[in-house]
1. Karplus couplings for the stretch 19-25 from phi (6.51 cos²θ - 1.76 cosθ + 1.60, θ = phi - 60°), rounded to Hz, Gly and Pro as x?
2. With a Förster radius of 25 Å, plug the Cβ-Cβ distance of residue 13 and residue 35 into 1/(1 + (r/R0)^6) and report the FRET value to the nearest 0.05.
3. Sticking with the crude label model, points 7 Å out along Cα→Cβ, report the distance from residue 21 to residue 61 in nm, one decimal please.
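Quick note: the coordinates plus some simple rules give every number you see, no bench work behind them. Note that the coordinates shown come from a computational prediction; the quantities given were computed from them, not determined experimentally. Virtual Cβ from ideal backbone geometry, glycine too; neighbours counted across all protein chains shown.
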Amino acid sequence: MYLSMSSGLICEQEPSEAARDFARQLRLQADVVDAVRERLGVARSIGWESPAGRNFRAYLIERETGLRSASVLLREAAVSMEGYGVALRMGETTNGSQI
């Protein structure tokens, strides 16, 4: 990740715009994680009747739980990044920068 918002600016983007873009990217990644989790759910629902199959099903359940947590954290990070962007935008306005 970037050490500061200014190092991540693209095409002379305002820092608040960069923060908004990061939030959008975080939400997109959360959607990807959710899609993978849903696919694991489909695999989990297959009738695994052997001991190895039951172990694999338990493994899938653990992975789904981890992916659910990752998705929640990514969405929370997006909300935090948006809040940061709002604070930056207020600072830009206060300092006379254009939005």
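1. So the Karplus estimates, Gly and Pro as x, are 4, 5, 5, 4, 4, 4, 5 Hz.
2. 0.30
3. 4.4 nm
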